[in-house]
Structures are given as C-alpha cells and as structure tokens.
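Undergrad: Attaching a single structure in structure tokens format; questions to follow.
The values are calculated or read from the model by the stated rules, or taken from the named source; none is laboratory data. Remember, predicted model here, so these are calculated numbers, not experimental data. Every residue, glycine among them, receives a Cβ derived from its backbone with ideal geometry; neighbour counts consider all protein chains shown.
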Amino acid sequence: MTFRSVGLIMLLSCSTWTQNLRGPDQLLVQIQKDGAKTIVQQLTSGKGTAWDYTMDKISSGDRRWLSVAEALRSGTDAGNTQSTTEVTAIGV
C-alpha cells in the first residue's frame, strides 16, 4: 500500500466520520467518549468544513449547540478557542 493510498483512506474515514456527526447530541457523546482535543482535531482536519459547519451551528444560538461549544473548548488551541468564543457570542 502506498503513502498516497493511506492518505486517501484516512481522508475518506474523516469524511465519513464527520458526516455521521451532524447533530449536537451525537457530537456531545463523541466528545465524552474520545475527548475534546481528539474531536477538535477531527473537525479541523482536511479543509476544516466540519469545523466550519459546527461553528455555524453554534452561532445559531441553539442551547444544545452552545453545549457543544462549551464541551469543545478544553480541546481547542488559541485560534480555535477564538473561533469558538466568537460564534458563542453571536449565538447568545
């Protein structure tokens, strides 16, 4: 198996993973199971579309998505912490 094949398999795995975590309740369960840092890494991998999707949902102000923001916060770095804080402020 080539390096390129491994990369493609990993990319498809991440895509499938993010497609399965569309709702806040599912995401909260996954954060509890795998930890915030791991979930933040998965959401921001690739083009970061899963992270963007999550931030958009948090900014809606839905109480469940705001809970996701709180749960993710411990796993974020400086840039992601700022994004999470900004969209949470928009949401409330």
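Undergrad: Examine the stretch 46-56 for a residue that is modelled with pLDDT under 95 and over 19 Å from Glu86 (Cα atoms), and state whether such a residue exists. Before the answer, list the steps.
TA: Residues of the stretch 46-56 that are modelled with pLDDT under 95, as a first pass: 46-56.
Right, trim to over 19 Å from Glu86 (Cα atoms) and you get 46-47.
Scanning the stretch 46-56, I find at least one residue that is modelled with pLDDT under 95 and over 19 Å from Glu86 (Cα atoms), so the answer is yes.
Undergrad: Please go through the stretch 73-92 and pick out each residue that is of a type outside the set (A, V, I, L, M, F, W, C) and part of a loop (DSSP other than H, G, I, E, B).
TA: Within the stretch 73-92, Ser74, Gly75, Thr76, Asp77 meet the criteria.
Undergrad: Conditions first: (1) of a type in the set (Lys, Arg); (2) at pLDDT below 80; (3) surrounded by 14 or more Cβ atoms within 10 Å (Cβ to Cβ). Arg22 passes all but one, so which condition is the exception?
TA: The one condition Arg22 does not meet is (3).
Undergrad: Among the residues of the stretch 50-72 satisfying the criterion of being hydroxyl-bearing (Ser, Thr, Tyr) and part of a helix (DSSP H, G or I), which is surrounded by the fewest Cβ atoms within 10 Å (Cβ to Cβ)?
TA: Residues of the stretch 50-72 that are hydroxyl-bearing (Ser, Thr, Tyr), as a first pass: 53-54, 59-60, 67.
Still in the list and also part of a helix (DSSP H, G or I): 53-54, 67.
Values: Tyr53: 14, Thr54: 27, Ser67: 16.
Once the filter is applied, the top-ranked residue is Tyr53.
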